Structures are given as C-alpha cells and as structure tokens.
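Scroll down for the structure; my scribbles are underneath it.
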C-alpha cells in the first residue's frame, strides 16, 4: 500500500513538474528568438473585411476599402523622434507612429548578441490612424506630421511629452504622446473638427518565431471582464467589443496594447489577408487612451495598473498556468531566483 501511494505521489510530482517547466519555458526563455524582419517576407497589412465599430458621428459600419492601407508617397523612413530609456528605444516616424521598439536589456539579446526588435518592418505600426473618408485617408497617409522638439530624447528618469501635428485639407490632427520610463504611455488625439477615424495598437509584435503550443493574436477585455482572444489565422472581421477595457496585440512574450479602464473604448478587429487580427479603436474628437508596448512582465504591468496583468496570455494551459504562475511568482519574490522557485514549488506540491 505504501509503495502504491509513493508511486502515485511520484507520478503526480512528474506531471506537475512538466506543467511547471512548460510555464517556465513559456514566460522565461533562456534565450529569445528574433524574427529576421529584413530577410523574412511578410504579407502586406491590408484589410479584406471591415470592423463594424461605430464612427464618431454615426452608428454605421465602415466600408472595407476605407481601412485599407493606402499607397504612401511620403517616406516614413526618416524619423521625427528617437526616445530612449535604460530598457528600450522607441522610433517615431513621419506619420507619428511607433515605427520600431527596441529592447536594450542584456537578457533580451538575440542569438547574435543584437538588441531585440519587436515590430515587423512591413506590418501596421502602433498609433497609426485611418479615416472612414477614403479621400481623407489617402491624404493623411501622404502628409507628414510636424514636430518641433528634440530629435533624441531620454526618458530614463522622468516621463516626457511629445506633440505631433498633421494639417489636412479639412481637419488638423494632433497627437500628444507622454512616455514613461517603464514603457507605459498615454496617447491623446484631438481633431479640429469632428471626423470619423480609427487608431490601432498595431500588428502584434514579432519578436518570437517558435511554433509549439503558442497563441498569438489579439486579446480584448470587455466591460464585463470577459476576455475575447482571437488567434492568428482565426479572425473573421466581425469581432467587436463595446466599452472594452483592454485591447492587446500580443506575441508570446511581448504585447502592444491600449487601455481605458474607466470609460472603456469601442474596439473592432479587422481581418487581414492572412486571417490575422488587427485591432482598431474608434476615435473621437478628444480621444485619451493609456498604452503599453514591451515585455509582458507581471510586475511591470501590475505597477502600471494591476488590471493590466489580465493581458498576459497563458495559452492552452490557462486553467492550470494561472494559479501555478502566481504561486511561482510568490516564491520567486522570496528567493529571487526562478530556478530555485521551480525546485521549491515542485517539492511543495
């Protein structure tokens, strides 16, 4: 009898250890793989159907061609601003979008010892605006924003605010971005006259190319705290969430997200040509959103707002991973070592 009980405990320990190592490998890799965006051919980020989120002035659906990415004659390769901190470097292009986000910490170096770049070169960028009016949309994509501040700004010790202005034939758009040292930011968009537009946190980051047991795509948390996850390849283009709290485009380890935990935001998912999801938030004359781009580190998200930890996607083993992860995190906070935390956790169970 004692031998049978011992065998059962051993089997249980092995099963639990397997899940522990799966969780550890999922969130804390020894090395981070980077997609070579210079050599990998990516599909053009254009839409094949439209979101049905309401516009500024009416509850009408948006024709699919209105949100297509129009041809650009204005070069966005020239940057308006480079923003650096101790842990990241952000590049802002001529359309006042985050064109690249680079992790500077040693633990995020790729196999070649280079800094990890989060955004695909050919993908839709965070803070991109698209207008319901096709003519205005085309004009906006070919009219650069104006910025009269310093080209390089350090936010390591304090937050800084950057203001970008775009003058179109019928409206003036102002983007005011305040960036914090931890990668959190706020985005305020104002329009001189009411105009229907959408803003996106961008295509999901592309910092990892592993293919096993992973979920990548879009995550939206509604006002009822129900979380909708749309994986790459599964978008229908009909997903909408009114008064959403969080809208995140995520990879395994990193995410680009918007949030409005008080008033909410109207979120829609556009289906790209490869059936991948692309999040858009319906704009207003005076739009204010919180934002974050970077690693889905529990303590970092919690320091911004504890509710943002819901943006951490646990994949296929959510029902086991969530409680296991919290216990592991508690042990790691005590011993300050993930290896010992795993060993102690295994012994405890």
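A count restricted to segment 197-240 and to residues that are farther than 18 Å from residue 274 by Cβ, surrounded by 20 or more Cβ atoms within 10 Å (Cβ to Cβ) and at pLDDT below 95 stands at 1. How many residues does segment 130-164 hold that are under 24 Å from the mean Cα position of the chain (by Cα), surrounded by fewer than 17 Cβ atoms within 10 Å (Cβ to Cβ) and without any contact (Cβ under 8 Å) to a residue 60 or more places away in the chain? Result for segment 130-164: 5. Taken over segment 247-274, the criterion of being over 29 Å from residue 109 (Cα atoms) and touching a residue at least 60 places away in the same chain (Cβ under 8 Å) is satisfied by 266, 267, 268, 269, 270, 271, 272, 273, 274. Across segment 173-182, the number of residues qualifying as surrounded by fewer than 22 Cβ atoms within 10 Å (Cβ to Cβ) and farther than 20 Å from residue 142 by Cβ comes to 5. Report yes if some residue within segment 108-131 is under 24 Å from residue 248 (Cβ atoms) and part of a helix (DSSP H, G or I); otherwise report no. Yes: one or more hits.
If I ask for residues that are under 19 Å from residue 198 (Cβ atoms) and part of a strand (DSSP E or B), which ones from segment 222-244 would you list? Residues satisfying the conditions are 228, 230, 240, 241, 242, 243, 244.
Please determine, by comparing only the residues of segment 91-102 that are in a strand (DSSP E or B) and farther than 13 Å from residue 256 by Cβ, which one is nearest to the chain's Cα centre (by Cα). Explain how you work it out, then say what you get.
Step one: filter segment 91-102 for residues in a strand (DSSP E or B), giving 91-93, 98-102.
Still in the list and also farther than 13 Å from residue 256 by Cβ: 91-93, 102.
Working: 91: 16, 92: 16, 93: 18, 102: 14 Å.
Checking each candidate, the answer is 102.
The values are calculated or read from the model by the stated rules, or taken from the named source; none is laboratory data. Bear in mind that the values here come from a model prediction, so they are computed numbers and not experimental data. All Cβ positions, even for glycine, are placed from backbone atoms using ideal geometry, and neighbour counts span all protein chains on display.
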